[in-house]
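Here the structure comes first, spelled out in structure tokens, and everything after it is commentary.
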Amino acid sequence: MARRAVIDAALAGLVAAALAFPMLGFRLVDSATGLSLATRFDLVLWAAGLVALGRLGLGLLRASTIGISLSLPALPNIRRPVGWVLAVAALALPLMPFADRNLMDKATLVLIYIMLGWGLNIVVGLAGLLDLGFVAFYAVGAYAYALLSQNFGLSFWVCLPLAGILAAGFGVALGFPVLRLRGDYLAIVTLGFGEIIRVILQNWQDVTGGPAGISGIERPSFFGLSFKASAPEGQQTFAEFFGLDYSTDHRVIFLYFLILILALLTNLFTLRIRRLPVGRAWEALREDEIACRSLGINPTLVKLSAFALGAMFAGFAGSFFATRQGFISPESFTFIESAVILAIVVLGGMGSQIGIVLAALLLVGLPEWFRDLAQYRMLAFGGAMVLIMLWKPSGLLSAREPTIRLGERA
Amino acid sequence: MSPGATDVARPASEGPLLNVEHVSMRFGGLFAVNDLSFSAAPRQITAVIGPNGAGKTTLFNCITGFYKPQIGQITLHHPNGSMRLERLDDHAIAAKAGVARTFQNIRLFAKMSVLENLMVAQHTRLMRASVFSLAGLLGLARYRRAERDAVELARHWLERVGLTAQADEEAGSLPYGHQRRLEIARAMCTRPQLLCLDEPAAGLNPRESAELNGLLRSIRDDDGIGLLLIEHDMSVVMGISDHVVVLDYGRKIAEGPPVAIKADPAVIRAYLGEPDEAEVPSC
């Protein structure tokens with residue numbers, strides 16, 4: 001046993017050395033005389049040594065009878081209360097003394113990703129259709145709002161449903177050609193679709209402004225009351241109407257509540273539709289498409305409805321993003337965004353609503369808070385992902401609650 | 001009568017339920033089913049038997065729409081009109097023509113609960129009642145009533161197959177024999193006219209097999225629908241079928257009541273090879 005562990009450790013060390021050789025071993029130095037190459041082979045040795053030692057430790061630990069269990073005790077049915085606690089905490093957050101502008105901004109960002117995660121959860125978690133281009137619908141929603149408001153002067157509240165409908169339309173447009181595909185093949189096509197949308201946004205200069213994006217997007221108003229320092233003739237600002245001193249925090253808090261409400265609506269919708277025929281058909285389709293056909297379920301309609309509804313929520317989130325930033329460009333809708341959203345869904349435990357909240361906090365919130373770690377931030381992020389996958393391979397909360405019960409709740 | 005029984009009274013003069021006429025299905029140069037004709041009557045169990053590779057499952061897939069036969073027609077005589085199955089999509093055959101099926105390798109929704117499996121089977125009805133789930137989303141009484149009915153039908157079938165106690169368990173965690181019975185219950189929850197069973201007794205022990213016979217008989221007698229089954233287990237075939245169709249190399253080599261089939265020389269030849277003298281297969 002010990003011999004195997006040593007061989008294993010040596011191999012791991014070799015692999016680490018091979019990886020570290022090009023990545024750590026050489027470094028471009030920008031000196032006065034021009035670029036030159038510096039070598040840092042001592043770092044390669046350190047990396048290989050550390051990996052080998054770690055591997056040896058793990059191997060010996062596994063060989064010993066003690067062994068550590070990486071699994072948590074099964075959680076009792078506490079999801080419902082946890083959900084309520086989280087919702088109340090989110091509602092009360094702006095009132096907390098420590099809630100400064102910085103925190104509210106970060107919380108808003110996390111909520112955007114939670115909403116996107118919940119939207120993608122319909123497609124990936126429930127219907128089981130692996131979508132790597134989800135950010136495309138987010139982009140459609142953002143550009144839909146930006147363009148409609150700039151070209152036609154429509155307000156945010158009119159554009160929000162329009163953006164959702166447009167994104168849903170794009171969802172169906174993507175859905176049609178990929179109806180026959182599943183798994184890896186579907187993932188490749190959706191990945192391509194996401195890139196197509198981004199490339200179009202980047203190159204259709206006349207409409208989308210190309211790489212420069214769209215700036216000066218109209219900010220949302222509170223029932224017609226703007227959050228600006230001064231209102232145009234004949235209108236009032238939010239601060240004037242309520243007799244408050246003008247503060248930029250008002251808008252930040254308003255945006256926070258707006259996305260919180262949008263996200264909660266997404267959640268309510270998903271929780272509800274899971275118990276309805278369409279939602280059950282999504283899950284059945286994920287389990288076995290052929291059995292679905294044999295029961296008279298039309299897989300085309302079921303898949304399209306999942307794509308359309310998932311995309312719709314991404315569209316809502318997209319127009320919120322546009323109105324919050326006031327500026328959008330194709331840069332914000334790269335593949336990495338799709339990957340992060342998908343990671344949130346998978347890490348949260350496919351199909352679990354609360355799991356997605358936790359995963360979004362972990363994946364989006366933590367990196368924001370640990371900006372001080374600077375360049376080690378992504379290393380910590382990667383490490384956390386590996387640990388979670390070791391500890392909970394099927395996601396943070398993977399146990400599924402039946403949507404209907406014959407007996408009493410267990 | 002169960003809630004699963006037919007809503008519309010069958011016409012007094014009972015013709016065949018299913019007519020298969022000159023159906024051929026070819027894969028490349030191989031005829032899996034070759035110019036096959038037979039019919040199945042309502043309130044009867046029709047068994048399709050034959051050696052391995054005789055084309056039984058292909059025939060099933062043609063009837064349930066998973067394959068489209070190149071030649072021939074398949075007609076289902078529904079109380080409210082006849083339907084040409086080879087022209088319908090597989091899901092339309094299940095939803096409109098009322099043909100339900102089970103699979104040789106069980107296909108349950110493994111991660112969903114037993115009850116949910118039965119609810120999914122009633123998708124078509126519930127979708128209609130809920131106007132594509134909109135009424136359900138708004139929580140209208142109309143949908144709640146439909147869902148209550150669906151749960152009642154599911155409860156009825158859980159009792160029939162003896163799985164009431166396991167209703168809230170994950171379908172994939174049930175023992176094999178229970179999964180087989182659940183699949184039959186799920187098919188029956190679609191309220192079919194014709195139930196197609198692909199080797200329902202495969203992998204069952206003798207006691208479970210006997211229970212299955214009882215269940216199939218009760219479906220025939222109490223629910224009044226037609227059953228079409230593929231089976232290798234001769235005790236099932238001879239014990240419960242009213243009519244037997246024997247296939248070999250895609251062709252029908254015999255058809256008739258079980259007793260006659262047992263003694264048919266062509267059948268014996270197909271199952272046991274060329275015998276020296278006529279011999280009844282031991283079954």
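Observations on the model:
- Subset of the stretch A:125-164 [in a helix (DSSP H, G or I), hydroxyl-bearing (S, T, Y) and more than 22 Å from the chain's Cα centre (by Cα)]: A:S149
- Whichever residue in the stretch A:137-168 is farther than 16 Å from A:A317 by Cβ and touching a residue at least 60 places away in the same chain (Cβ under 8 Å) and, among such residues, is surrounded by the fewest Cβ atoms within 10 Å (Cβ to Cβ): A:S155
- Flag if A:E289 is away from chain B (no Cβ under 14 Å) and acidic (D, E): no
- Yes/no for A:I344 being more than 14 Å from chain B (Cβ to nearest Cβ), in contact with a Gly (Cβ under 8 Å, 6 or more places away or on another chain) and not hydroxyl-bearing (S, T, Y): yes
- Filter result (hydrophobic (A, V, I, L, M, F, W, C) and surrounded by 13 or more Cβ atoms within 10 Å (Cβ to Cβ)) within the stretch A:385-409: A:M385, A:I388, A:M389, A:L396, A:L397, A:A399, A:I404, A:L406
- Annotation: A:L347 fulfils all but one of (1) more than 29 Å from B:E170 (Cα to Cα); (2) surrounded by 19 or more Cβ atoms within 10 Å (Cβ to Cβ); the unmet one is (1).
- Residues of the stretch A:220-268 classified as assigned to a helix (DSSP H, G or I), aliphatic (A, V, I, L, M) and more than 27 Å from A:M115 (Cα to Cα), total: 1
- Residue count for the stretch B:40-91 under the criterion of being among the polar types (S, T, N, Q) and farther than 30 Å from B:G273 by Cβ: the result is 7.
- Residues of the stretch A:235-278 classified as at pLDDT below 80, buried (at least 20 other Cβ atoms within 10 Å of the Cβ) and of a type in the set (V, I, T), total: 1
- Elements of the type helices (runs of 4 or more DSSP H) sitting completely within the stretch B:83-152 and holding at least 2 residues that are closer than 20 Å to B:A167 by Cβ: these cover B:114-121, B:123-129.
- Only listed residue being without any contact (Cβ under 8 Å) to a residue 40 or more places away in the chain and out of contact with any helix residue (DSSP H, G or I) (no Cβ under 6 Å at 6 or more places or on another chain), chosen from B:A187, B:A146, B:A154, B:A165: B:A165
- Some residue of the stretch B:65-74 being among the small types (G, A, S) and either buried (at least 19 other Cβ atoms within 10 Å of the Cβ) or not assigned by TED's automatic domain parsing to the domain that holds B:L228 (or both): yes
- When the stretch B:83-94 is filtered for residues that are within 9 Å of chain A (Cβ to nearest Cβ) and either in contact (Cβ under 8 Å) with a residue 40 or more places away in the chain or charged (D, E, K, R) (or both), the ones remaining, listed by number, are B:D89, B:D90, B:A94.
- Pair list, Cβ under 7 Å, 6 or more apart: the stretch B:104-118 residue within 17 Å of A:A399 (Cβ to Cβ) and at the interface with chain A (Cβ under 7 Å from one of its Cβ atoms), other residue polar (S, T, N, Q) and part of a loop (DSSP other than H, G, I, E, B): B:E116/A:T403
- Of all residues making up the stretch B:45-82, the number that are part of a loop (DSSP other than H, G, I, E, B), touching a residue at least 60 places away in the same chain (Cβ under 8 Å) and among the hydrophobic types (A, V, I, L, M, F, W, C): 1
- Any pair with Cβ under 6 angstrom, 6 or more apart, that starts in the stretch A:172-197 at a residue that is in the same structural domain as A:V123 (by TED's automatic domain parsing) and ends at one that is among the small types (G, A, S) and not in a loop (DSSP other than H, G, I, E, B): A:V172/A:A308; A:F193/A:A136; A:G194/A:A136; A:G194/A:S338; A:I197/A:A136; A:I197/A:A139
- Flag for A:A281 being of a type in the set (A, V, I, L, M, F, W, C), within 14 Å of another protein chain (Cβ to nearest Cβ), surrounded by 24 or more Cβ atoms within 10 Å (Cβ to Cβ) and within 19 Å of B:S130 (Cβ to Cβ): yes
The values are calculated or read from the model by the stated rules, or taken from the named source; none is laboratory data. These numbers come from a predicted model, not from an experiment. All Cβ positions, even for glycine, are placed from backbone atoms using ideal geometry, and neighbour counts span all protein chains on display.
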